[in-house]
């Protein structure tokens with residue numbers, strides 16, 4: 001369980017930054033070079049590379065060097081990790097709200113009967 005928690009921490013830390021979310025959104029359309037990914041952002045390439053390294057370290061992307069160009073592609077496994085965790089949380093909270101609804105509607109029906 002602790003190992004699963006560490007993976008989730010890395011996954012959500014990577015998603016916490018709008019630049020990294022934008023990079024992942026772009027890579028959802030297909031692989032791109034670091035230069036292509038960096039183009040829309042007003043930051044130096046070394047600063048942008050910190051985002052790339054964090055995404056790679058957290059498992060969201062993989063990079064490969066082809067000549068002088070570094071190409072990035074998305075790794076879908078972390079989408080599954082985050083998705084499963086969110087599904088588990090949704091099930092817990094839907095169950096709780098269903099019980100609350102039953103309590104509220106059951107209580108109001110009892111009040112009406114009296």
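The values are calculated or read from the model by the stated rules, or taken from the named source; none is laboratory data. Quick caveat, the model's predicted, so the values are computed rather than measured. Cβ sites come from the backbone with ideal geometry, for glycine too, and all protein chains shown count toward neighbours.
Here are a few things to note about the model shown:
- Only residues that are touching a residue at least 12 places away in the same chain (Cβ under 8 Å), outside any loop (DSSP other than H, G, I, E, B) and over 23 Å from residue 77 (Cβ atoms) were counted in the stretch 31-67, giving 2.
- Pairs, first at pLDDT below 80 in the stretch 69-95, second surrounded by 14 or more Cβ atoms within 10 Å (Cβ to Cβ) and not in a helix (DSSP H, G or I), C-beta under 8 Å, six or more apart: 77/59; 78/58; 78/59; 78/60
- Selection within the stretch 68-86: residues that are part of a strand (DSSP E or B) and surrounded by 12 or more Cβ atoms within 10 Å (Cβ to Cβ). The member of this set that is farthest from the chain's Cα centre (by Cα) is 70.
- Here residue 49 meets the list (1) under 22 Å from residue 11 (Cβ atoms); (2) modelled with pLDDT of 95 or more; (3) touching a strand residue (DSSP E or B) at 6+ places or on another chain (Cβ under 8 Å) almost entirely, failing just condition (3).
- Filter result for residue 28 (under 15 Å from residue 74 (Cα atoms) and either without any contact (Cβ under 8 Å) to a residue 60 or more places away in the chain or in contact with a helix residue (DSSP H, G or I) (Cβ under 6 Å, 6 or more places away or on another chain) (or both)): yes
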